[in-house]
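Remarks on the structure that follows.
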Amino acid sequence: MQISEGILKEADVLLASFLTGMILLFVYDLLRIIRRLISHKSWMTGAEDLLFWIGSAVALFAMLYRENSGYIRGFVIGGVMVGMLFYNLLFSSWVVKGSVFLLEKILFALSRPLVWTARVLKRPAGVVKKRTKKVLRFLKKQLKKIWKAVRIGLCKL
C-alpha cells in the first residue's frame, strides 16, 4: 500500500506544528523560571508576555511559510495546541520546578563566598566608619570655632 506524497507532506506539517507548539511552551517556561528567580513588577511581566507572543506569532508564521507555503490550516493550529498541551502535561512542571531548584542551589553556592567576605569585612568597615565619624565631628567643631573667630574679627573692623 502506497501513501501519497500529499498525505506525507501534511503529516510533516502536522509534526512541525506539534514540535513548534512544544518549543513555544518551553520558551515560555524559560520566562516562568526567570520570573521565579527574579521578582518582576506587573508591567514588566506584561511587557515580557507581549514580546513572547509577538515572537510566537513570528515563529508560527515562519513555520507555516517554510512548511506549508504560508497557508493557515486548521490542523496546523490544532497541532500547535496539542503540542503545547502535550508539553504542558508531561514536561512543563518538571522543567520549571527542577530548573528553579537547581538554579537556586547553584546561586546559593556561588553567593556563599561573597557572604563570607562581607562578614569578614563588616567589622573593619564598621571601625573605619566609626573613626571617620569622630574625625568629621572634630573637624566640624574646629571649623565652627574658626568661623566664629573670623566673624568676630570682621565685626571689629
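Brief remarks follow.
- Computed about its Cα centre, the charge dipole of the chain is approximately 3720 debye, with only Lys, Arg, Asp and Glu carrying charge at their Cβ.
- Set of lysines near Lys122 by C-alpha distance (under 30 Å), chain-local residues within fewer than 8 positions excluded: Lys105, Lys130, Lys133, Lys134, Lys140, Lys141
- Rounded to the nearest 500, the helix-only mean residue ellipticity at 222 nm of the chain stands at -32000 deg cm²/dmol, with each DSSP H run of n ≥ 4 adding -39,500 (n - 2.57).
- Virtual spin-label span in nm between Val127 and Cys155, 7 Å along Cα→Cβ: 4.5
- With contacts taken as Cα pairs under 8 Å at a separation of at least 6 residues, the chain carries a relative contact order of 35 percent.
- A simple spin-label model places pseudo-atoms 7 Å from Cα toward Cβ; at Arg32 and Ala62 they are separated by 2.3 nm.
- Translational D in µm²/s for the chain (Stokes-Einstein at 20 °C, 1.002 mPa s, Kirkwood Rh from C-alpha pairs): 98
- In segment 76-129, the inverse of the mean reciprocal separation of distinct Cα atoms equals 14.8 Å; this is its Kirkwood hydrodynamic radius.
- Taking one quarter of the surface of the convex hull spanned by the alpha-carbon atoms of segment 6-49 gives a direction-averaged projected area of 3.4 nm².
- Extent along the principal axes, Cα only, for segment 45-90: 34, 25, 14 Å, with the longest axis given first.
Bear in mind these aren't lab numbers, they're just calculated from the coordinates by the rules spelled out. Predicted model only: the values in this text are computed from it and were never measured. A quick note on method: Cβ atoms are made from the backbone with ideal geometry, for glycine too, and the neighbour counts reach across all protein chains shown.
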